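K.L.:
Supplied in structure tokens, the structure appears directly below.
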Amino acid sequence: MIAALALAAVPAGAGLAASIEPAGETVSLYLNVEKNGGLVTGLTHRNFRLYQDGKAQPFRLEKPEEPASIALLVEYSRASGYYYEDIEAAMLGFLQHAPEGHWYALATFAHELDVQVDFTQQIGAVTQGFSQLGMPSWSEIDTYDAVYEMLDKMGRLPGRRILVIVGSGLDTFSEHTFDQVKAKMESENVTVFVAGIGSLFRGMYEPYLETSPRLTFLQAQSFLQTLASKSGGFAWFPNQVSAFPSVLQGIMQSVATQYRLVYDTNVRGSGKFHKIKVEAFQIVNDKREDFKVLVREGWR
């Protein structure tokens, strides 16, 4: 199992070939169900409907795989020093709220991606690995390249895969583009959650910024929101350092309450985007009550 869950052993770019699937495969959709902002649990097969490209699909409801593979991707650049307290608070939240039993890994990035702690079931090893980091060597923040590489690596892992990004979304010199990373996310079955850092810092200086820097910040946030929403996760951008532990708690609660819909498809790896829609509902007094569903938007 440890050999199967080794991020460092997966070469960059290897997942590109792995994303080309044979015609016809059984896939798992991971999703959360919400009502008035709260998570809904206890639903059964009859509470769901699944559609692919507008056509109803037969499926079965199964328990999500345990343990899951959960990787933290943390921005760690000299430029991140302005909101380093956000990063520390997010890591504290991880230590406080990450449940025992899953596989956890830690990777950091500035100019390049570095796997600091490969998959382990020792939560303390992840936080210790973070605390032992030296001063960042680079000022670049190559977010697009780091996210692309992590999706590439995690796409080759078995079972349920969760990527938690602790970052600003800013990008300096990445080789990959926004659209390339989005397409990669659409081809890999990885759920992305985001703890967006830097909102407090930005809020202090935004009134004094010109149009171009403001647009840069908006694009950074949009990038992270897109990854999360299109993969079935969510992105939160706290404007107080003290809120980050609650963000990590919310992420871990969502992981714990995911549903898994399993069905057969022949569209993955086609290169063309195929839309997914899942409905969740219950019948109360002969009336249908619909819930909000957090699920990936489709496959490529």
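The values are calculated or read from the model by the stated rules, or taken from the named source; none is laboratory data. Only a predicted model underlies this, so the values are computations on that prediction, with no experimental measurement involved. Glycine gets a Cβ as well: all are built from the backbone with ideal geometry, and neighbour counts include every protein chain shown. Ligands, DNA and RNA are stripped out before the accessible areas are found, and what is left, the full protein with its side chains, is counted by its heavy atoms. Shrake-Rupley method; radii C 1.70, N 1.55, O 1.52, S 1.80 Å.
K.L.:
Return the long-range amide H neighbours of I197 (sequence gap of 5 or more, or a different chain), with a cut-off of under 5 Å between placed amide H atoms.
P.N.:
It is G167, S168, by chain and number.
K.L.:
Please check: in the Gaussian network model of the chain (C-alpha springs, under 10 Å), which one of E186, E289, E66 has the largest mean-square fluctuation.
P.N.:
E289
K.L.:
Only Cα pairs under 8 Å and at least 6 apart count here; give the relative contact order of the chain as a rounded whole percent. Numbers along the way, then the final one.
P.N.:
Working: 618 pairs, mean separation 90.6, N = 300.
With pairs under 8 Å counted, the relative contact order is 30 percent.
K.L.:
Still on this structure, I have one more. Could you check which residue among L215, L31, L248 shows the biggest mean-square fluctuation in a GNM of the chain with a 10 Å Cα cutoff?
P.N.:
Taking springs between Cα atoms under 10 Å, the residue moving most is L215.
K.L.:
Related question: Step through the residues of segment 230-240 one at a time and calculate ³J(HN,Hα) from phi using the Karplus curve (6.51 cos²θ - 1.76 cosθ + 1.60, θ = phi - 60°), rounding each to whole Hz and writing x for Gly and Pro.
P.N.:
3J(HN,Hα) across segment 230-240, in whole Hz: 6, 9, x, x, 8, 10, 10, 10, x, 9, 9.
K.L.:
Sticking with this structure for a sec: Using a cut-off of 12 Å between beta-carbons, work out the net charge of the residues near V74 (Lys and Arg +1, Asp and Glu -1, V74 not included).
P.N.:
Details: positive: none; negative: E75, D86, E88, D114.
After counting each charged neighbour, the total is -4.
K.L.:
Given the pairs K63/K182; K153/K277; K55/K292, which are separated by over 24 angstrom at their Cα positions?
P.N.:
K63/K182; K153/K277
K.L.:
Can you tell me how much longer the chain between D53 and A6 gets when fully stretched, taken as 0.36 nm per residue apart minus their C-alpha distance, in nm with one decimal?
P.N.:
13.5 nm
K.L.:
Return the FRET efficiency for the residue pair Q122, V284: r is the Cβ-Cβ distance, R0 is 45 Å, and the value is rounded to the nearest 0.05.
P.N.:
Calculated value: 0.50.
K.L.:
Between beta-carbons, use under 9 Å as the cut-off and find the net charge around R296, counting Lys and Arg +1, Asp and Glu -1.
P.N.:
Summing Lys/Arg as +1 and Asp/Glu as -1 gives -1.
K.L.:
Quick one: what are the phi-derived ³J(HN,Hα) couplings along segment 136-141, Karplus 6.51/-1.76/1.60 with θ = phi - 60°, whole Hz, x for glycine and proline?
P.N.:
Result, rounded to whole Hz: x, 8, 10, 9, 5, 10.
K.L.:
With n ≥ 4 as the cut-off for DSSP H runs, can you work out [θ] at 222 nm for the chain, using -39500 (n - 2.57) per run divided by the number of residues, rounded to the nearest 500?
P.N.:
-9500 deg cm²/dmol
K.L.:
Return one whole number: the accessible area per residue of the chain in Å², for a 1.4 Å probe.
P.N.:
Details: 13850 Å² over 300 residues.
Accessible area per residue, the chain: 46 Å².
K.L.:
Residue by residue through segment 221-229, which ³J(HN,Hα) values in whole Hz follow from phi under the Karplus form 6.51 cos²θ - 1.76 cosθ + 1.60 (θ = phi - 60°), with glycine and proline marked x?
P.N.:
5, 4, 4, 5, 4, 5, 4, 5, 5
K.L.:
With +1 on each Lys and Arg Cβ and -1 on each Asp and Glu Cβ, how big is the dipole of the chain about its Cα centre, in debye rounded to the nearest 20?
P.N.:
1160
K.L.:
Then there is this: Taking K and R as +1 and D and E as -1, what net charge do the other residues with C-beta under 14 Å from the C-beta of L261 add up to?
P.N.:
Residues near L261 contribute +4 overall.
K.L.:
With a 1.4 Å probe and every protein chain kept in, tell me what percent of the accessible surface of the chain is carbon plus sulfur.
P.N.:
Solvent-exposed carbon and sulfur of the chain make up 50 percent of the total.
K.L.:
Between segment 42-86 and segment 286-300, how many Å separate their Cα centres?
P.N.:
That distance is 14 Å.
K.L.:
Another question about this same structure. Using 0.36 nm per residue of separation minus the Cα-Cα distance, give me the extension gain between Q249 and S139 in nm, one decimal. Could you put the intermediate results ahead of the total?
P.N.:
On the way: separation 110, 0.36 × 110 = 39.60 nm, distance 2.99 nm.
Value of the extension gain: 36.6 nm.
K.L.:
Tell me, what is the FRET efficiency for E25 and L92 to the nearest 0.05, using R0 = 45 angstrom and their Cβ-Cβ distance as r?
P.N.:
On the way: r = 40 Å, r/R0 = 0.89.
Once rounded, the FRET efficiency stands at 0.65.
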